[in-house]
Ligand SMILES: [Zn+2]
């Protein structure tokens with residue numbers, strides 16, 4: 001079974017696209033979202049099961065598009 005076929009969670013930021021990072025549990029997604037949350041921003045945890053367009057897109061392009069939440073090292 002491919003990893004993308006497992007149920008998992010993504011963070012959807014207010015006014016932004018779905019975060020590419022995937023979490024195995026809602027709790028982990030919530031914890032990460034709270035850490036990354038900016039002032040005035042909201043988020044929603046979305047559950048994905050089976051074929052997830054966000055993960056398929058990330059796998060196709062091998063280099064997942066960076067979100068603005070990631071610091072450019
Ligand atoms: Zn996914």
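The values are calculated or read from the model by the stated rules, or taken from the named source; none is laboratory data. Bear in mind the structure is a predicted one, so any value in this text is a computation, not a measurement. Note that we place each Cβ from the backbone using ideal geometry, even for glycine, and neighbour counts take in every protein chain shown.
Scan (1) at pLDDT 80 or above; (2) in contact with a helix residue (DSSP H, G or I) (Cβ under 6 Å, 6 or more places away or on another chain); (3) not in a helix (DSSP H, G or I) for the single condition residue 64 breaks and write down its number.
So residue 64 meets the others, but not (1).
Which members of the stretch 12-28 meet the condition of being outside any loop (DSSP other than H, G, I, E, B) and away from the ligand (no atom under 11 Å from the Cβ)?
12, 13, 26, 27, 28 - these are the residues of the stretch 12-28 that are outside any loop (DSSP other than H, G, I, E, B) and away from the ligand (no atom under 11 Å from the Cβ).
If I filter the stretch 48-61 down to residues being under 15 Å from residue 7 (Cβ atoms) and surrounded by 13 or more Cβ atoms within 10 Å (Cβ to Cβ), which single residue comes out as modelled with the highest pLDDT?
By that ranking, first place goes to 48.
When residue 38 is evaluated against the numbered criteria (1) modelled with pLDDT of 95 or more; (2) surrounded by fewer than 12 Cβ atoms within 10 Å (Cβ to Cβ), which criterion, by number, is the only one it fails?
(1)
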